[in-house]
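K.L.:
Following this message is one structure expressed as structure tokens.
The values are calculated or read from the model by the stated rules, or taken from the named source; none is laboratory data. None of these values were measured; they are calculated from a predicted model. Using ideal geometry, Cβ is built from the backbone for each residue, glycine included, and neighbour counts are taken over all protein chains shown. These area figures cover heavy atoms from the full protein model, side chains too; ligands, DNA and RNA do not enter into them. Shrake-Rupley method; radii C 1.70, N 1.55, O 1.52, S 1.80 Å.
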Amino acid sequence: MVDVLSQNEIDALLAALSSGEMDAEELKKEETQKKIRSYDFKRAVRFSKDHIRSLTRIHENFARFLTTYFSAQLRTFVQINVVQVEQLPYDEFIRSIPKMTILNIFEAEPLEGRMVLEVHPNVAFAMLDRLLGGVGAAPSKIGSLTEIETIIMERIFSRAFESLQEAWKTIIDINPRMEGLETNPQFMQIVSPNETIALISLSTKIGDTSGMINLCIPHVVIEPIMPKLSVHHWFVSQKKNRAPEEIDALQHRVNRAKLPIVAELGESQISVKEFLGLQIGDVISLNKQVEDGLAIRVGNRLKYIGSPGMTRDRVAVQIDEIVSEGVEELDE
């Protein structure tokens, strides 16, 4: 990665060169020398910036779906946003979360392997309090979950995975399924400690309570679909190529669609009193002359100008002019 100098650094470099503190020839020698960059094998870089951007886009949608879902379930103000998407070793993730937290372990077929949705206790217990009739406040002291509380947690987060399924639809159709709920990170070992994971951090606010929801996706789980996370695939996949038989079927249906066609002889305005007094044989004067063309409308749009006539003892209209697109009908 190329380092970009700030304007202050550029000014300082030019000043050093002009004052003689720095020799330009020495700089050229340093450029020709082989550069060595340290690499930490414990923090292997498995996700490119392209992959991180794609994961960010996907989980921004996930955050919106989650906001809608939790707002409906809890019937209170919920706001969820993506804060950061980063890659780090699994062991580092385990050490960064509280010793007592809510860990939703799940699988997402057809992907092989397990993932984790970690919910900070403040957020989890605020949800629990709201579901049980409270105002949605987090307790001052976090204790272990009772059997009933565990069942409630499993139910609400099992349905939350539907939002994850919807967010990933543009890449792959997955079927997330809750495998279990843990509260102690030390008892959860889904991959080896040095395995690289993608960590999606979501800031969550429920009423006056705030906390984090972290989605841990091991690299080994999504490695088979990594090419689909590139920007090129992202935009190419948006273009849907229709099959020839689908185009023919669509054209056939359009050709058979019926449209109302109305030929207007003219218009006239009369009072309600005159309307109620109409008798057989009365004549209503229209706003057009006999030699004027008739406005022929397809639906509500003026398309043709024609003239009235007869054909095979039936009233008919002959099309004399096609109205160009964008031409507005002039008031008479």
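K.L.:
In nm, what is the difference between 0.36 nm times the number of residues separating residue 11 and residue 179 and their Cα-Cα distance?
P.N.:
Working it through step by step, the gained length comes to 54.7 nm.
K.L.:
Under a 1.4 angstrom probe, counting protein chains only, how are 76, 204, 170 ranked by accessible area, largest first?
P.N.:
Numbers: 76 40, 204 5, 170 70 Å².
Result of the area sort, largest leading: 170, 76, 204.
K.L.:
How big is the accessible area of residue 9 in square angstrom, nearest 10, if you roll a 1.4 angstrom probe over the protein chains?
P.N.:
Ignoring ligands and nucleic acids, residue 9 comes out at about 90 Å².
K.L.:
While we're looking at this one, here's another question. Could you compute the FRET efficiency for residue 170 and residue 91, with r as their C-beta to C-beta distance and R0 at 22 Å, rounded to 0.05?
P.N.:
Efficiency at R0 = 22 Å is approximately 0.10.
K.L.:
Any chance you could look up the accessible area of residue 56 with a 1.4 Å probe, heavy atoms only, rounded to 10 Å²?
P.N.:
The accessible area of residue 56 comes to roughly 40 Å².
K.L.:
Another question about this same structure. Leaving ligands, DNA and RNA out of it, report the carbon-plus-sulfur percent of the accessible area of the stretch 68-111 at a 1.4 Å probe. Write down the numbers at each step before the final one.
P.N.:
Details: 1010 of 2140 Å².
Its accessible area is 47 percent carbon and sulfur atoms.
K.L.:
Distance between the C-alpha centers of the stretch 260-279 and the stretch 287-306? Whole Å please.
P.N.:
Result: 16 Å between the Cα centres.
K.L.:
When the solvent-accessible surface of protein heavy atoms is calculated with a 1.4 angstrom probe, in what order do 282, 208 fall, highest first?
P.N.:
Of 282, 208, the descending order of accessible area is 208, 282.
K.L.:
Hey, can you find the accessible area per residue of the stretch 142-268 for me, probe 1.4 Å, expressed in square angstrom? The partial results should precede the final answer.
P.N.:
Values: 7830 Å² over 127 residues.
Value returned for the stretch 142-268: 62 Å² of accessible area per residue.
K.L.:
Can you sort 127, 310 by solvent-accessible area, 1.4 Å probe, largest first?
P.N.:
310, 127
K.L.:
Moving on. For the stretch 183-229 and the stretch 77-132, compute the distance between their C-alpha centroids and round to whole Å.
P.N.:
Here the two parts' Cα centres lie 7 Å apart.
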